[in-house]
Structure formats: structure tokens, C-alpha cells
């Protein structure tokens with residue numbers, strides 16, 4: 001059993017990681033004001049992150065904190081898991097944000113704890129209990145309330161954006177479920193470095209396949225936003241979340257993520273000027289209550 005300091009540190013890492021991740025949709029929306037496309041923004045973000053991951057990985061090797069044998073045996077799985085969580089999910093998320101509000105994006109993404117439950121049932125036979133069903137109903141009712149509201153205001157593009165972000169949530173749920181055994185095997189820092197380097201490389205290849213290098217020339221504000229995203233909404237939270245999963249598990253880490261929806265809503269209203277109506281209040285209460293209910297009643 002984990003000792004209390006380890007638990008406390010795990011919760012602190014989870015809260016910090018989810019708070020930093022909740023900044024991402026705000027930063028993405030600010031970047032889109034300057035007409036940068038999603039692939040270019042992803043490339044700038046991960047291109048600025050990659051040297052940091054490489055430096056940390058080199059330091060871990062220098063300090064002999066890498067189990068070479070364990071890492072080699074799990075390498076393919078870690079690479080694949082990283083591509084799911086930080087290439088596939090990130091690409092779908094940034095693409096979806098072109099069509100929906102930051103608040104709707106965050107609410108849909110926070111379906112991932114319930115999705116993780118269903119993935120656990122499908123892969124490992126973990127039973128879906130009555131409390132879990134109640135949590136699922138609350139979560140998806142909350143998403144539906146805000147989704148219907150935004151469709152009435154934004155039109156049919158909300159379906160496309162919402163679908164892309166739900167697919168992102170699904171991939172991130174797979175990432176959380178699949179990453180835990182490999183984090184336990186090689187350590188959270190090594191896992192994060194390998195997974196994120198793989199994702200960064202995939203994004204660069206994607207960019208070179210569909211864009212021209214000249215597209216990397218962007219206004220100065222885009223570079224500033226990408227740099228902030230790289231450090232505060234990529235590097236730091238990726239290590240924080242991996243360490244939280246290691247210390248307190250996938251379920252607790254996912255549940256704490258409910259606080260991120262509140263943070264994003266406050267920032268979206270204050271910075272982006274997005275509306276905050278009774279629909280937003282109802283949706284936020286339903287989604288966060290569903291996730292908290294899931295945490296309180298899940299054994």
C-alpha cells in the first residue's frame with residue numbers, strides 16, 4: 001500500500017497536471033485568432049517540447065536511472081501508447097477546437113473517466129456496477145445539455161467538432177488505461193520521455209506530409225503561445241499525470257480531472273469572452289457530479 005505522503009504527492013501531481021492541461025484549449029483558441037492551422041500549431045508545440053524530453057531522457061541515462069532491459073522489452077508498447085494519447089488524441093482535440101467552444105471541448109473531454117470504465121470492462125472484464133451507470137448517465141446528460149445549446153447557436157459544425165473531441169476523449173481513455181502497467185515497469189519519467197518523443201516525431205512527420213516548411217513562419221504571438229503550450233500545457237503536465245497514475249492509479253487521477261472543466265470554463269469566460277449561461281451551469285454541474293459520483297462509489 002502506498003504511504004500517505006506518496007498519496008498526497010500523487011493527488012498534488014494530478015491536480016497540477018489537470019490544471020495545466022485545462023489551459024490548453026484557451027491557448028489554442030488564442031492562437032487560432034492569428035489564423036494558424038491545427039497541424040502547424042501542433043508541430044510548433046511539440047517541436048518546442050521535444051528538446052526538453054530529449055534532455056531529460058539523456059539525464060536519466062546519465063544518472064543510470066533507466067532500466068535498459070525493461071525499457072527495451074516494453075518499447076513498442078510504450079511508443080504505441082504514446083501515439084494514442086499525445087498524437088492521436090491531441091490532433092483530434094485541436095481539430096475539434098476549430099468548431100466548438102473551449103467550454104464544450106473540455107466537458108466532452110471529461111467523458112474519458114467513464115470511457116475508461118467501459119474500456120476496462122471490454123479489455124479486462126471489470127464489471128459495470130449500478131453507481132457507474134448512474135455516473136455515465138449524469139456525465140452524458142451534462143454533455144448533451146451544452147451540446148444542444150451550442151448546436152442551436154453554432155449550427156451543424158458543432159456535430160463535427162463534438163465528434164472529433166469525443167474521439168479524442170476515447171483515445172485518451174485508452175492511453176490512461178494502457179499506460180499504467182508500463183509506467184510501473186519502467187518508471188513514470190522514462191515512460192513519459194519515450195512516449196512524448198514518439199508523439200513529437202509522429203507530429204513532425206505528419207506536418208512534412210501535409211504542409212510546407214514555410215508554413216512554420218507565423219506571427220510572433222503564435223510562437224509565444226506555442227512556447228507556453230509546450231512547457232506549461234505539455235511537458236509539465238505530461239510528467240505530472242504519469243507520476244499521479246503511478247502513485248494513486250488511473251481512476252483517482254481521472255476523477256480529479258473533473259476540476260479541469262471548471263477551470264477551463266472560468267478561463268474561457270474571463271479571457272475568451274465566451275458566454276456562461278444556465279445551460280453551462282447545468283452541464284458543468286452534471287458532468288462534474290457524475291465524475292465525482294464515479295469516484296466515491298467505485299471500488
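The values are calculated or read from the model by the stated rules, or taken from the named source; none is laboratory data. Everything numeric in this text was worked out from a predicted model, so none of it was measured. Reconstructed Cβ throughout: ideal geometry from the backbone, glycine too, with neighbour counts over all protein chains shown.
Data overview
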read-out	value
Exclusive hit being outside any helix (DSSP H, G or I) and under 17 Å from residue 166 (Cα atoms), set 100, 36	100
Where residue 246 falls short, out of the listed (1) at pLDDT 95 or above; (2) crowded, with 17+ Cβ neighbours inside 10 Å	(1)
Boolean, residue 25 is without any contact (Cβ under 8 Å) to a residue 24 or more places away in the chain, part of a helix (DSSP H, G or I) and within 21 Å of the chain's Cα centre (by Cα)	no
Test: residue 71 is part of a helix (DSSP H, G or I), at pLDDT below 85 and surrounded by 17 or more Cβ atoms within 10 Å (Cβ to Cβ)	yes
Any hit, the stretch 162-172, residues being buried (at least 20 other Cβ atoms within 10 Å of the Cβ), out of contact with any strand residue (DSSP E or B) (no Cβ under 8 Å at 6 or more places or on another chain) and closer than 30 Å to residue 65 by Cβ	yes
Restricting the stretch 257-299 to residues that are over 30 Å from residue 127 (Cα atoms) and in a loop (DSSP other than H, G, I, E, B), the residue that is modelled with the highest pLDDT	273
Considering residues of the stretch 133-147 that are over 22 Å from the mean Cα position of the chain (by Cα) and either free of Cβ contacts under 8 Å to residues at least 24 places away in the same chain or buried (at least 16 other Cβ atoms within 10 Å of the Cβ) (or both) only, the residue farthest from residue 281 (Cα to Cα)	133
